[in-house]
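Accompanying notes for the structure given below.
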Amino acid sequence: MGTVEADDDRTYTIAEVFPEYMGKEQQIAIRAYRHREGLTQRQLAELTGIPQRHISEMENGKRVIAKELAKRLGKALKSDYKVFL
């Protein structure tokens, strides 16, 4: 990837900048919102009632995020739950 000049008016998509994260938006969203709120997985588990192990699995793409879990995450992370679906 080339460098971006300061006077470059072009905008870049997430896919162009971070192609390795495409298809992993839900996992990245959980981790990003959790970090934004300054929470550990354990703290998020306590707030949501979701086992810490399940949060880890969701962040690593090993567990599907059901609508009910997404709603709990959204409430705890002060976000629209749909970003986790």
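When a footprinting reagent is the concern and you count Cβ atoms within 10 Å, what order do T11, T48 take, fewest first?
Details: T11 6, T48 19.
Result, fewest neighbours first: T11, T48.
Going by neighbour counts of Cβ atoms within 10 Å, the residues L44, L85 line up, fewest first, as L85, L44.
Please order R63, R42 by the number of other Cβ within 10 Å, starting at the fewest.
R42, R63
The residue list T13, F84, P51 was ranked by how far each Cα lies along the charge dipole of the chain toward its positive end, using unit charges on Cβ atoms, and P51 comes out on top.
Rule-based calculations on the coordinates, nothing more; no lab input. Only a predicted model underlies this, so the values are computations on that prediction, with no experimental measurement involved. Glycine also receives a Cβ, built like all others from the backbone with ideal geometry; neighbour counts cover every protein chain displayed.
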